[in-house]
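Data block below; observations after.
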Amino acid sequence: MWLLFAFLSAVFAALTSIFAKVGIEGVDSTLGTAIRTVVVLLMAWGMVFLTHSQSGLTSIDSRSWLFLILSGAATGASWLCYYRALQLGDVSKVVPIDKLSVVITLVLAFLFLHERFTVKSLLGCILIGAGTLFMVL
């Protein structure tokens, strides 16, 4: 089931880039990011209440709160930078650079989460990096 959700995530991320590029035209990128964030906020809390997950709020420990807040701050910074990049550049160049996050994530997961870094993941990182350079140069 994770594979289906991962694929759907990729499809929606692709649509996000196209919709954002069209929507950000003539709009301040920070304002566009704020509008997008409100929509995401409403959708996320809507799902919380739809699935009756709100009762779990009281059982979240302080460490989880800290890292969820840090994750939210990183997401916000990413979105602000992404929307500004989309406003200034071509989607076909911004998106591949943004997807270098895959390589950065694998390296950080290896360093901080002690996940395995295999020959296959190393080769994948090299290919993603090379592909990104090929697409943007």
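Taken together, the values in this text are just the output of simple stated rules run on the coordinates, not laboratory data. Just so it is clear, the model here is predicted, and its values are computed rather than measured. Positions of Cβ are generated from backbone atoms using ideal geometry, with glycine treated the same way; all protein chains shown enter the neighbour counts.
With viscosity set to 0.692 mPa s at 37 °C, what whole-number translational diffusion coefficient in µm²/s follows for region 64-111 from Stokes-Einstein and a Kirkwood radius over Cα pairs?
Numbers: Rh = 12.0 Å.
Translational diffusion coefficient: 273 µm²/s.
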Listing V94, V103, V40 by rising number of other beta-carbon atoms within 10 angstrom, fewest first, gives V40, V103, V94
Summing +1 per Lys or Arg and -1 per Asp or Glu among the other residues with Cβ less than 15 Å from I97's Cβ gives +2
Which residues qualify? For E115, with a placed amide H closer than 5 Å and at least 5 residues away or on another chain, they are F110
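Compute the Rg/Rh shape ratio of the chain: radius of gyration over Kirkwood radius, all on alpha-carbon atoms.
Numbers: Rg = 17.4 Å, Rh = 17.4 Å.
In the chain, Rg relative to Rh is 1.00.
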Ordered by fewest other Cβ atoms within 10 Å, a rough proxy for footprinting exposure, D61, D98 read D61, D98
Any chymotrypsin sites (Phe, Trp or Tyr not before Pro) in region 38-137 that lie in a DSSP loop and have at most 16 other Cβ atoms within 10 Å would be F117
Any DSSP H helix in the chain with Cα axial reach of 20 Å or more and mean Kyte-Doolittle score of at least -0.5? Listed by number, the hits are 2-23, 29-50, 62-88, 119-136
